Amino acid sequence: MRFHQINDVLEIMHKLENVRNVGIIAHIDHGKTTITDSLLAKAGLISSNLAGSLRALDFLEEEQKRGITIKAANISLFYEFEKSNYLINLIDTPGH
């Protein structure tokens, strides 16, 4: 995965066969946000050194303060695989 321009994302989002919606779902404290941070790091959106501790999709102050996800959040990632381009809509969900 690597970062792409918005035009790349806009082009792919209209090819529904190349869009994947992925929800990260598990019990509380089982690594959902850590996996999400790791995927963001792999995509080059955050530093790999911060993956797991940044909690990039925990936008609310209360989420950052308590270290838990309270509201689901999403981000779109551009992914190239076997000469095809995919848009992955990643959803980080609360565990409670």
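Read-outs: derived from the displayed coordinates by stated rules, not from any lab. Please read these numbers as outputs of a predicted model, since none were measured by experiment. Positions of Cβ are backbone-derived with ideal geometry, glycine not excepted, and every protein chain shown enters the neighbour counts.
Could we say that Ser47 is free of Cβ contacts under 8 Å to residues at least 12 places away in the same chain and in contact with a helix residue (DSSP H, G or I) (Cβ under 7 Å, 6 or more places away or on another chain) here? Yes, satisfied. Restricting the search to the range 50-66, which residues are acidic (Asp, Glu) and surrounded by 15 or more Cβ atoms within 10 Å (Cβ to Cβ)? Those that are acidic (Asp, Glu) and surrounded by 15 or more Cβ atoms within 10 Å (Cβ to Cβ): Asp58, Glu63. Right, Ser53: in a loop (DSSP other than H, G, I, E, B) and free of Cβ contacts under 8 Å to residues at least 12 places away in the same chain or not? It is false that Ser53 is in a loop (DSSP other than H, G, I, E, B) and free of Cβ contacts under 8 Å to residues at least 12 places away in the same chain.
Okay, residues lined up against (1) part of a loop (DSSP other than H, G, I, E, B); (2) over 12 Å from Gly95 (Cβ atoms); (3) under 10 Å from the mean Cα position of the chain (by Cα):
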{"site": "Leu10", "(1), (2), (3)": "no, yes, no"}
{"site": "Ser48", "(1), (2), (3)": "yes, yes, no"}
{"site": "Leu57", "(1), (2), (3)": "yes, yes, yes"}
{"site": "Lys65", "(1), (2), (3)": "no, yes, no"}
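Tell me yes or no: at least one residue of the range 26-41 is of a type in the set (Lys, Arg), part of a loop (DSSP other than H, G, I, E, B) and in contact with a strand residue (DSSP E or B) (Cβ under 9 Å, 6 or more places away or on another chain). Within the range 26-41, none of the residues are of a type in the set (Lys, Arg), part of a loop (DSSP other than H, G, I, E, B) and in contact with a strand residue (DSSP E or B) (Cβ under 9 Å, 6 or more places away or on another chain). Checked against the criterion of being in contact (Cβ under 8 Å) with a residue 40 or more places away in the chain and surrounded by fewer than 16 Cβ atoms within 10 Å (Cβ to Cβ), the candidates Ile88, Ile28, Ile70 yield just one match: Ile28.
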